[in-house]
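Nothing in this text is a laboratory measurement; each read-out follows from the coordinates by a stated rule. Because the structure is a prediction, the values reported are computed rather than measured. Virtual Cβ from ideal backbone geometry, glycine too; neighbours counted across all protein chains shown.
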Amino acid sequence: MVITVEIPDNVAETLERIGILAKEQGYQAFAVGGCVRDWCLGISENPDIDITSEGEGIALARAAQKFFGGSLVEHTQFGTATLCMEKAPALQLDFASCRKEVYAKPAAYPKVSRGTLDEDLARRDFTINAMALCLDPDNFGVLVDPYEGLEDLKQAYLRVLHDQSFVDDPSRILRGIRFAVRFDLAWEPKTLKLINKAIESESLGLLNAGRLQKEFDLMDQEPDPSECFRVLDDLLSQGENRQVRGE
Ligand code: CTP
């Protein structure tokens, strides 16, 4: 079944143009991640839009800057670029090429290489963040949702994509808390088990101080930071209680 998601009016025209620019370069572009999740929820305020393509992300960003103006910062070592549009709508567009990731060891930065859209979605944290919207003029707004993130949003479930996710990247424990609290989501039961297991194996301690601080700062910027810290405290103390009981 083809599902089309409504892209907010204030960004639709910009994204249509990006779809055309990508097509001119011979590939498709997609909006991906948090903005797609928010649009599915009817939230249109997100000014940061991640754009991925199976072509060269930086080349698309340059074409977009040529068309829209604005300031472009290229991160050539990562193959990404950020375009800050100065004229309305004042959007920040983050361009990347589709990529796959391999984690050599827990909490290490992953080895990244070029991949397909499917691989790019497979490397992500939660099903609700693993959706993309096609920007190609022939399929504009069509949802790509291999992990049924839309259904999880409807059921208000937070579900991880695979069993290793919190081991690979323990910051996802803290990200998960933010999304659960912000969108009032329940942990999908297996996801909760995996979080508890990761906490018990002290995965969070593998994150360096900078990454931990960044995640705590993001929690602080949530609409209800104290609820985020309460949920974290709950998860940590449940783990301690289980250890005392020898479970
Ligand atoms: N992502 C991930 N694992 C991480 C960080 C990010 O899988 N540790 C992916 C998710 O698909 C996420 C996307 O990268 O949606 C963008 O990350 P980020 O901008 O941090 O999150 P958003 O989902 O946009 O959340 P927010 O609304 O808090 O900005």
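Worth pointing out:
- ³J(HN,Hα), Karplus 6.51/-1.76/1.60, whole Hz, each residue of segment 116-122, x for Gly, Pro: 8, 4, 4, 5, 5, 6, 5
- For residue 227 and residue 122, the difference between the fully extended length at 0.36 nm per residue and the C-alpha to C-alpha distance is 34.9 nm.
- Close amide H contacts of residue 131 (hydrogens built in the peptide plane, cut-off under 5 Å, sequence separation of 5 or more or a different chain): 33.
- Applying both filters, DSSP loop and at most 16 other Cβ atoms within 10 Å, to the chymotrypsin sites (Phe, Trp or Tyr not before Pro) of segment 90-127 gives 103.
- Rounded to 5, percent antiparallel among DSSP beta bridges of the chain: 75
- Ordered by the count of other Cβ atoms within 10 Å of each Cβ, fewest first, 157, 109 give 109, 157.
- Helix 209-220 axis, angle to the chain major axis (alpha carbon atoms, nearest 10°): 80
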